[in-house]
There are 6 protein chains.
Amino acid sequence: MHEHVVVTKIDRPDPEVVSGLGAAGVATVHEAAGRIGLVGPRIRPIQQGAVVAGPAVTVSSHPGDNLMIHAAVEVCRPGDVLVVTTTSPSTDGMFGELLATSLTARGVIGLVIDAGVRDVADLRTMGFPVWSKAVSAQGTVKASPGSVNVPVVCAGQLVEPGDVVIADDDGVMCVPRADAADVLERSRTRLAGEADKRERLADGVLGVDLYGMRELLAKLGVRYVER
Amino acid sequence: MHEHVVVTKIDRPDPEVVSGLGAAGVATVHEAAGRIGLVGPRIRPIQQGAVVAGPAVTVSSHPGDNLMIHAAVEVCRPGDVLVVTTTSPSTDGMFGELLATSLTARGVIGLVIDAGVRDVADLRTMGFPVWSKAVSAQGTVKASPGSVNVPVVCAGQLVEPGDVVIADDDGVMCVPRADAADVLERSRTRLAGEADKRERLADGVLGVDLYGMRELLAKLGVRYVER
Amino acid sequence: MHEHVVVTKIDRPDPEVVSGLGAAGVATVHEAAGRIGLVGPRIRPIQQGAVVAGPAVTVSSHPGDNLMIHAAVEVCRPGDVLVVTTTSPSTDGMFGELLATSLTARGVIGLVIDAGVRDVADLRTMGFPVWSKAVSAQGTVKASPGSVNVPVVCAGQLVEPGDVVIADDDGVMCVPRADAADVLERSRTRLAGEADKRERLADGVLGVDLYGMRELLAKLGVRYVER
Amino acid sequence: MHEHVVVTKIDRPDPEVVSGLGAAGVATVHEAAGRIGLVGPRIRPIQQGAVVAGPAVTVSSHPGDNLMIHAAVEVCRPGDVLVVTTTSPSTDGMFGELLATSLTARGVIGLVIDAGVRDVADLRTMGFPVWSKAVSAQGTVKASPGSVNVPVVCAGQLVEPGDVVIADDDGVMCVPRADAADVLERSRTRLAGEADKRERLADGVLGVDLYGMRELLAKLGVRYVER
Amino acid sequence: MHEHVVVTKIDRPDPEVVSGLGAAGVATVHEAAGRIGLVGPRIRPIQQGAVVAGPAVTVSSHPGDNLMIHAAVEVCRPGDVLVVTTTSPSTDGMFGELLATSLTARGVIGLVIDAGVRDVADLRTMGFPVWSKAVSAQGTVKASPGSVNVPVVCAGQLVEPGDVVIADDDGVMCVPRADAADVLERSRTRLAGEADKRERLADGVLGVDLYGMRELLAKLGVRYVER
Amino acid sequence: MHEHVVVTKIDRPDPEVVSGLGAAGVATVHEAAGRIGLVGPRIRPIQQGAVVAGPAVTVSSHPGDNLMIHAAVEVCRPGDVLVVTTTSPSTDGMFGELLATSLTARGVIGLVIDAGVRDVADLRTMGFPVWSKAVSAQGTVKASPGSVNVPVVCAGQLVEPGDVVIADDDGVMCVPRADAADVLERSRTRLAGEADKRERLADGVLGVDLYGMRELLAKLGVRYVER
């Protein structure tokens, strides 16, 4: 009943929405989405300063086996972000510069992988951004079936093919395709509000006053004492 | 019986002693203090090369809730270091660039947090140094009481308000306020002794000779063999 | 029966082979060796961009005690890599800039340590490359016996004295001395083949075609669907 | 856009199918389902020998807050299994004997929780089976909203309300409601085949012969040597 | 300045208060104390069903070294609980049946150790209850100084000599000596209230009604839907 | 160069020595061996009270693949202990009751596995003792080559085929075949000495007196104070 499939056609979100979400950044989009959608913090960037946003092409792979990453390249389109998961935990280096070369040729803009990567010096030099659970040179086989473009769970977060993946120095965030435009609008509203707050905080206004927390603190029984 | 309080006034150490300890650095101060006081190594800098030393303003917070960090800003003074802990383990991103903006306006020089932070790209750009357990964009609520300027345990180390916190690329160290001047003096003695040792080791003198370890090795039964 | 020994003389591999393996890099050598020999990914570089290869001088130490590292300096020769393990897990900072100064004076080119290091800012400035399990300023004693140049297990990998240790941004790899020349030859063959593959992948040739995986995917029952 | 909801009505699977899956056990059902559906091994039973199978009622909760578990009790029906997750990692003891008493009164047959539980001695005495990530007495607040009967990710596995959850000493397994009957049939086929295999293996027939692996081993290049 | 001391005389709490806290159990006492004082959940019992409460005699030890546990025996009195910590993380088996025999002879009723223990089969047979971070036979030396009856941090919790330590299947809890009588009174109030709640929940009354949570849920925006 | 082999003939230790080591137990043998040889504490028994000792038959397997365990059965002899490792970390359930049935038919007396096992309820019922890193029902494939009876590293400990493996509630210990008789003799000497010590400690003699530690404590600068 459980079939291994490569789904060749997926619906992708509006590119302008995608690019707007990337500009807003992971932390803002996460708040705008109602504090859901964050890929777990074990997924870390191998570089500093990279920001990507794109439709997810998803891979579900046997641990220690990168056959399905190779199979996934063909269904990627320019602007996509590849999201790789394994069916049980693994830190093996399933991805390196040859695969990055191939993905770059397809226009893929980044990789999120709940496993290991290798050739990280080359990947940094190439400017191919990666967010991974581990760096490991441990080689893998190409022997077991898996799937491409099925729903996957990446570091505790459900990612469906075509969802918007945003990744920056704070980590990785997933927005369901259907919610993307709405979340973008909320992100922009949020960013606008933050600019004003930032200015006032920089001027020395206290957050407890700016956000009106004094009453809450009192109600929660927090007392101010000198000791 | 357990009250939630914000202690508004704390005793702070002598600023010259604080600055001397910062100049000595975490590893030296740790040795000078008798190899105690180190905050556990899970607390890592989000930047390279930053060094801070200052009196601790401490926060004890419910996990997933940053209300008490907001409450703490008001009691900070220029030169302070904010030390944030949670009542149970959490990697949530309790702190970001808006709070850093507010702390900077108060003259706070850095953050040590046994939880997560976000907006790390912004924090690096602002030059606000942070030592944390995790980087995570996971948003938090502002709903539960906690305390400011009570004794806290940060990554296994007791930190009392007004203790000297020193942080650099090696991690984070805490010196009780009452011991600070004494530890500084011992740190300086130590640094003076190290300069001489460094020179001799660079000249090729062996540590086993410099430190007189040959006798100890023999006494412990360590044999030299050729095989 | 279990003796603590310092083995003063070990057989070292051919320097040209060592340097060839360093040029090939950890990931390539690991594949060439048949996907064995990798030190576990918990060992990470404290710097970016460093590459070292050299004969292993090994240390087996009591946790929280760096006496045997001092004892090991004497038996090191120019070009060696020091490999330090503890008899039970420890993150203590057993190694810092004074030991690095001493090792540099002996011509040692790097350290691999399944424990903690400190003075990392200094080590980076000195250009002494280190791969470690942790950064920690936790000081250690010099009180317990151990051994130098005996077989050790480092992050799950057996390392014998005189084995070739290769370390770069991908981690650390160990090649038995007797296999080194053979693995180098296979590494070079592999590198030659990769250049061609890289070019074709950059041209847009798919890996599934380049590596002939379509038949395997079909045989494994992976179906292509549109949905 | 992200709403907090309590979905009061969910579709439940056929009780006979559910009970058949429970009788087959986690390991068999997992194989029958095509080796998918397993909740990660960090979720462990607090007792030995318990086996439960039932429709999942799911809870998504703020960490350190058990308000939504209380809210979930009302929508449970006899035979259900409660599945509790938090929006970020937590080991807090969100569940104890009072909640178990309440669930037992509703006919709920067990709890799967990706967080902590407490009162474990009482829970064992009551015979209320629990699978959890941690045992911890850390108390929680009742202050933050969450949801009941929405899709959740539990230790890396997507669980939808009404899916069949099977739990025994091997861990926890989830079968989508739509697949349950089919997986049960395959489980029974598998069990029938295993009885025969067990008998032959007990008679000393080797697995390599029984499963015909000798050819595969030869093809993979595994050589038999005496040394 | 940092001295290693054995403090031979400590103030102990009222034995009746201690025994009352033990009867209330870890979870109840933790709630009564205001949800503070819990030793982290990495400390687990090696047996089931044991409950102990007693004044803490504390040990701060070098990792991999059990000299100070031996030194601590002399200052223990009947009814005490020994609490052992190390100055950096260790899983070594610092404690076994010989030490348990010695402690039993002194009337010590249990051990809490943030490190490893061994001879666990013997310890279970002897009925000497232990809560530890690990089970490990790894032997230790007796070579480094430490302290007895100084404040220690055990799995994140400050424990002062003479504090009341309560331990059961839920873990370990510490109540400051000065608060013990007050916390006991609150624990008893709590237990009385729970008996009534338990009965009503067993009768099918819902927690959301019993605790009056419906208004809070509505105020937090949690909506009830059928779908 | 790296071949996958099944070594069909190994040298086994003297059965009387093996049985003597089993009777001495892991903790005693570990001390007798000079505090080396312990398999790391992440390997835990799935049952209580089992004690086994036998020659190691070793397996090196691809993660998520149990083909080589099947291949190993044939080379096992009555009294052997199977030791299974993977070439990179894995918690997959590579072993269950069918394999245990097959091993039992060959006379194998236990399993040590640095990965996961399943069917643990059945394994306990069968009385087939297992020490493992994890319990997990995650199924595995039979697709990748590995080796049998080659040196392996199990949880940080080198194990060679034919070494004596001893396992009990304290964990797992490995004694090189050549050292077994000598270690047994030392174990017996140790056990004899412990009986006397146990009696004296039970009589209230202090360890600091029995082991003569008072002088050491004084020399290390540990002071006795009243406070």
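So how far, in whole Å, is the C-alpha centre of segment E:59-132 from the one of segment B:36-110?
So the separation of the two Cα centres works out to 36 Å.
Against the longest principal axis of chain B, how steep is helix B:180-202, in degrees 0 to 90 to the nearest 10, with axes from Cα atoms?
Taking Cα atoms only, the helix is inclined about 40 degrees.
Give the lysines whose C-alpha is closer than 30 Å to that of B:LYS219, dropping any in the same chain fewer than 8 places away, or say none.
Answer for B:LYS219, where 30 Å is the Cα cut-off: B:LYS197, C:LYS9, C:LYS142, E:LYS142, F:LYS197, F:LYS219, listed by chain and number.
Give me the residues in segment A:1-23 whose solvent-accessible area, probe 1.4 Å, is reduced by at least 20 Å² once all protein chains are included instead of the chain isolated.
A:MET1, A:HIS2, A:GLU3, A:HIS4, A:VAL5, A:VAL6, A:VAL7, A:THR8, A:LYS9
Could you run the numbers on buried accessible area between F and E, total for both chains, 1.4 angstrom probe, in Å² to the nearest 100?
3100
With +1 on the Cβ of every Lys and Arg and -1 on the Cβ of every Asp and Glu, and nothing else charged, how large is the dipole of segment E:126-188 about its Cα centre, in debye rounded to the nearest 20? Kindly include the intermediate steps, with their values, before the conclusion.
On the way: 5 positive and 8 negative charges, 61 e Å.
That gives segment E:126-188 a dipole magnitude of about 300 debye.
Only loop residues by DSSP count here, and only those with at most 15 other Cβ atoms within 10 Å; note down the GluC sites (Glu not before Pro) in segment A:131-227 that meet that.
Of the GluC sites (Glu not before Pro), the ones in loops of segment A:131-227 whose Cβ has at most 15 other Cβ atoms within 10 Å are A:GLU226.
For every helix of n ≥ 4 consecutive DSSP H residues, a contribution of -39,500 (n - 2.57) applies; sum these over chain F, divide by its total residues, and give [θ] at 222 nm rounded to the nearest 500 deg cm²/dmol.
Values: 8 runs with 74 residues, N = 227.
Mean residue ellipticity at 222 nm (helix-derived): -9500 deg cm²/dmol.
Mind listing the long-range amide H neighbours of A:VAL6? Cut-off is under 5 Å, sequence gap 5 or more, other chains count too, H placed in the peptide plane at 1.01 Å from N.
Hits under the 5 Å cutoff: A:VAL148, C:ARG223, C:TYR224, C:VAL225.
Please name the residues of segment C:119-138 whose accessible area, counted over protein heavy atoms with a 1.4 angstrom probe, falls by no less than 10 Å² between the chain alone and the full protein assembly.
C:ASP119, C:VAL120, C:ALA121, C:ARG124, C:VAL135, C:SER136, C:ALA137, C:GLN138
Find the relative contact order for segment C:124-192 and round it to a whole percent, using C-alpha pairs within less than 8 Å whose residues are 6+ positions apart.
Once divided by the residue count of segment C:124-192, the mean separation gives 18 percent.
Give the separation of the Cα centroids, segment E:185-212 to segment B:178-227, in Å.
A separation of 64 Å, based on Cα centres.
If you count only protein heavy atoms and use a 1.4 Å probe, how large is the accessible surface of E:THR104, to the nearest 10 Å²?
The accessible area comes out at roughly 70 Å².
Quick one: work out the % antiparallel among DSSP beta bridges in segment F:102-227, nearest 5.
Among the beta bridges of segment F:102-227, antiparallel pairing accounts for roughly 60 percent.
Explain nothing, just the number: relative contact order of chain D, from Cα pairs under 8 Å at least 6 residues apart, as a whole percent.
29
Using the beta-carbon distance between E:ARG44 and E:THR104 and R0 = 25 Å, what value does 1/(1 + (r/R0)^6) give for FRET efficiency, to the nearest 0.05?
Efficiency at R0 = 25 Å is approximately 0.70.
Using the Cα atoms as the points, what is the convex hull volume per residue of chain C in Å³? The partial results should precede the final answer.
Numbers: hull volume 40.1 nm³, N = 227.
Cα convex hull per residue, to the nearest whole number: 177 Å³.
On a 0 to 90 degree scale, rounded to 10, what angle separates helix B:97-106 from the longest Cα axis of chain B?
80
Which value in nm describes the separation of the simple spin-label points at E:ARG223 and F:ASP196, placed 7 Å from the Cα toward the beta carbon?
8.1
Helix E:15-24 against the longest principal axis of chain E: what's the angle in degrees, Cα atoms only, rounded to the nearest 10?
50
If ligands, DNA and RNA are left out, what is the accessible area of F:MET126 with a 1.4 Å probe, given in Å² to the nearest 10?
Here the residue's solvent-accessible area equals roughly 80 Å².
Which percent, to the nearest 5, of DSSP beta bridges fully inside the protein assembly as shown are antiparallel?
For the protein assembly as shown, the DSSP antiparallel bridge percentage is about 45.
With all protein chains present, how much of the accessible area of the protein assembly as shown (probe radius 1.4 Å) comes from carbon and sulfur, to the nearest whole percent?
The C+S portion of the solvent-accessible surface of the protein assembly as shown is 49 percent.
Along the charge dipole of segment C:91-182, Cβ charges K/R +1 and D/E -1, which of C:ILE113, C:PRO145, C:VAL172 sits furthest on the positive end?
Working it through, the farthest residue towards the positive pole turns out to be C:PRO145.
Point me to the residue of chain C whose C-beta lies closest to the C-onto-B rotation axis, rounding the distance to whole angstrom.
Spelled out, residue of C and its Cβ distance from the axis onto B: C:GLN48, 6.
In chain A, what percentage of the DSSP-assigned beta bridges are antiparallel, given to the nearest 5?
Expressed as a percentage, antiparallel bridges in chain A total about 45.
Which of the listed residues, B:VAL73, B:LEU103, B:VAL26, is farthest toward the dipole's positive end in chain B, when Lys, Arg count +1 and Asp, Glu count -1 at the beta-carbon?
B:VAL26
In square angstrom, what is the accessible area per residue of chain B with a 1.4 angstrom probe?
35
Suppose R0 equals 60 Å; then what is the FRET efficiency for F:GLU3 and F:ARG214 from their Cβ-Cβ distance, rounded to the nearest 0.05? Numbers along the way, then the final one.
Working: r = 59 Å, r/R0 = 0.98.
FRET efficiency, F:GLU3 to F:ARG214: 0.55.
Could you sort the residues of segment F:74-97 by number and keep only those whose accessible area is reduced by 20 Å² or more in the all-protein-chain setting relative to the chain alone, 1.4 Å probe?
F:GLU74, F:THR87, F:SER88, F:PRO89, F:THR91, F:ASP92, F:GLU97
Please identify the GluC sites (Glu not before Pro) of segment F:1-44 that satisfy two criteria: DSSP loop assignment and at most 13 other Cβ atoms within 10 Å. Which are they?
Numbers: sites: F:GLU3, F:GLU16, F:GLU31; in loops: F:GLU3.
Counting only loop positions with at most 13 other Cβ atoms within 10 Å, the GluC sites (Glu not before Pro) in segment F:1-44 are F:GLU3.
Classify the protein assembly as shown: rounded, prolate or oblate, from the alpha-carbon gyration tensor (a ≥ b ≥ c, eigenvalue square roots; a/c under 1.5 rounded; otherwise prolate if a/b is larger than b/c)? Intermediate values should be presented prior to the final figure.
Details: a/c = 1.15, a/b = 1.00, b/c = 1.15.
Rounded, since a/c falls under 1.5.
The values are calculated or read from the model by the stated rules, or taken from the named source; none is laboratory data. Computed from a predicted model, the values in this text were never measured in an experiment. FYI the Cβ positions are ideal-geometry reconstructions off the backbone, even for glycines, and counts take in every protein chain you see. Surface areas here come from the heavy atoms of the whole protein model, side chains and all, with no ligands, DNA or RNA. Shrake-Rupley method; radii C 1.70, N 1.55, O 1.52, S 1.80 Å.
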